[in-house]
Amino acid sequence: MSLINRIKAFFASPKGRLIGLWLSYFFYWGSLAPFVPYVSLYYETIGLAGTQIGALNSVRAIVSFVSAIAIAFLSDVLRRRKLVLVLCIFGMIATLIAFPYMASFVTLLPIIAFYSAFQAPAIAILDQDTLSTLENPRNFSKVRVGGSFGWGTIIFFAGLLLDRPGTSLTIIFTLHIILLLVLLLLVAFTPKTVPASDGQKASLKDVITLFRHPGFGLWMGIIFMFGMAEASLINFLFLHIRDIGGSASLMGLAMTFAILGEIIGFNLAKRVQGRVGSRRMIVLSLAFRTVWYVLISLNRVALLVLPIQILGGISFSLIEAGSVAYVNERAPQRIGTTAQGIRSSILLRLSAAVGSLVAGSLYQRSGSARMYLIMAGVSAFSLFLAALLRRTERRRESGTAA
């Protein structure tokens, strides 16, 4: 048997399939690690103004929101998730090759739009592939944690590389492409997952029916509120660390501690879900995040940011695992990818576009400490709504069972 056939046979085995998915998360999120945190800095080095940088980031969020849902739905209709994922990776690589040659706002607009359109659906496809492969969906977090390891590992080495004198920022595109090529090779060796079917084709009516499911739209609203407040963390944490006397190295270390928190959270997620269920896991995540906002807003000792960041990482992993599980429990398998696309778009994109504007305005008017205190109030309100919604649903479900 040739080496290629042996590799294919390994990834076709149950253990190999799980390892392949873990590595897929590793290289997908790892490929984004040298790009997402540094692309705004690249824009600045080619002479773009702050408003233009903000506009490009907004375009990325809006296009990602639409494409994640639309292309995920297409993959459900065609029942060809692997093919769609391969085409998305090829599309990302093509746009990244062209990226460094576009040196103006006007030429970058279509490039970032195409890149975002191809990049966004991959998360939903990987999530649904993982859920379809696992015998027990509660093991999702054990596979998804590969993404946290990928992000944490690659962003560390990318930082070391960029710190070397004479290193051009265009290397972020090279690193992104190399890691995507590894992901593409991995996907090629991994056998496709045949979506479960009840004989019916996916349709827009299924998506509408999903939102008519009692409480589904409200839970998506709560997830949106989490993501909206999260935008203040992503966009302004480094500025807050600077304001309380922290160094640039502490900023990078804060990211490392957040990833450590994610790894802890994902490793605990199966046990937590087994004990309290997906909805209470979302509630628990909001509780952790509310405490995080309070602590970060009151803290004036730069080094204390590090243990606080662990709490933030745990919070994100719990809402990621909890919301994936909640959607998987309620969405028909024939639109599973679409449903996960809707979830990830609300949590990571639509909320980020709105939250960035809100947090930016609060930061400009009140400073980082007060901004985070206000976000603590937003998080506490969403926690109250989530707890109330879950209690109401439990009462209704108990009444139905009776």
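The values are calculated or read from the model by the stated rules, or taken from the named source; none is laboratory data. Nothing here was measured: the structure is a model prediction, and the numbers come from that model. We place every Cβ from the backbone using ideal geometry, glycine too, and count neighbours over all the protein chains shown.
Give the residues of segment 17-54 that are part of a loop (DSSP other than H, G, I, E, B) and either aliphatic (A, V, I, L, M) or more than 14 Å from Ile172 (Cα to Cα) (or both), sorted by residue number.
First, pick out the residues of segment 17-54 that are part of a loop (DSSP other than H, G, I, E, B): 33-38, 46-49.
Those that are part of a loop (DSSP other than H, G, I, E, B) and either aliphatic (A, V, I, L, M) or more than 14 Å from Ile172 (Cα to Cα) (or both): Ala33, Val36, Ile46, Gly47, Leu48, Ala49.
Taking segment 5-34, which residues are of a type in the set (Gly, Ala, Ser) and touching a residue at least 12 places away in the same chain (Cβ under 8 Å)? Matches in segment 5-34: Ala12, Gly20, Ser24, Gly30, Ser31, Ala33.
Please find, among Arg212, Arg275, the residue that is over 21 Å from Ala72 (Cα atoms), over 22 Å from the mean Cα position of the chain (by Cα) and surrounded by fewer than 21 Cβ atoms within 10 Å (Cβ to Cβ).
Selected residue: Arg275, the only one of Arg212, Arg275 that is over 21 Å from Ala72 (Cα atoms), over 22 Å from the mean Cα position of the chain (by Cα) and surrounded by fewer than 21 Cβ atoms within 10 Å (Cβ to Cβ).
On inspection, Ala72 qualifies as buried (at least 17 other Cβ atoms within 10 Å of the Cβ) and within 30 Å of Val358 (Cβ to Cβ). Taken over segment 329-375, the criterion of being in a loop (DSSP other than H, G, I, E, B) and of a type outside the set (A, V, I, L, M) is satisfied by Pro332, Gly367.
Within segment 238-267, the set of residues being in contact (Cβ under 8 Å) with a residue 12 or more places away in the chain and out of contact with any helix residue (DSSP H, G or I) (no Cβ under 7 Å at 6 or more places or on another chain) comprises just one member, Ser247. Taking the criterion of being within 30 Å of Asp243 (Cβ to Cβ), polar (S, T, N, Q) and without any contact (Cβ under 8 Å) to a residue 60 or more places away in the chain, the residues of segment 269-312 that qualify are Ser285, Asn299, Gln309. If only residues of segment 23-52 that are surrounded by 18 or more Cβ atoms within 10 Å (Cβ to Cβ) and over 15 Å from the mean Cα position of the chain (by Cα) are counted, the one that is nearest to Phe156 (Cα to Cα) is Pro34. One residue alone among Ser104, Ser168, Ser148, Ser132 is of a type in the set (Ser, Thr, Tyr) and either touching an Asp or Glu at 6+ places or on another chain (Cβ under 9 Å) or outside the structural domain of Pro37 (by TED's automatic domain parsing) (or both), and that residue is Ser148. Screening the candidates Arg330, Arg349 for the property of being of a type in the set (D, E, K, R), surrounded by 21 or more Cβ atoms within 10 Å (Cβ to Cβ), closer than 22 Å to Ile71 by Cα and touching a residue at least 60 places away in the same chain (Cβ under 8 Å) yields one hit, Arg349. For segment 188-198, the criterion of being in a helix (DSSP H, G or I) and either modelled with pLDDT of 80 or more or more than 22 Å from the chain's Cα centre (by Cα) (or both) is met by at least one residue. Going by the conditions given, is Ile7 assigned to a helix (DSSP H, G or I), out of contact with any Lys or Arg (no Cβ under 7 Å at 6 or more places or on another chain) and either surrounded by fewer than 20 Cβ atoms within 10 Å (Cβ to Cβ) or of a type in the set (Asp, Glu) (or both)? Spelling it out, Ile7 is indeed assigned to a helix (DSSP H, G or I), out of contact with any Lys or Arg (no Cβ under 7 Å at 6 or more places or on another chain) and either surrounded by fewer than 20 Cβ atoms within 10 Å (Cβ to Cβ) or of a type in the set (Asp, Glu) (or both).
Condition check for Lys82 on (1) of a type in the set (Lys, Arg); (2) more than 20 Å from the chain's Cα centre (by Cα); (3) under 19 Å from Leu179 (Cα atoms): one failure, at (2). Within segment 136-193, being among the small types (Gly, Ala, Ser) and under 21 Å from Tyr43 (Cα atoms) holds for Ala158, Gly159, Gly166, Ser168.
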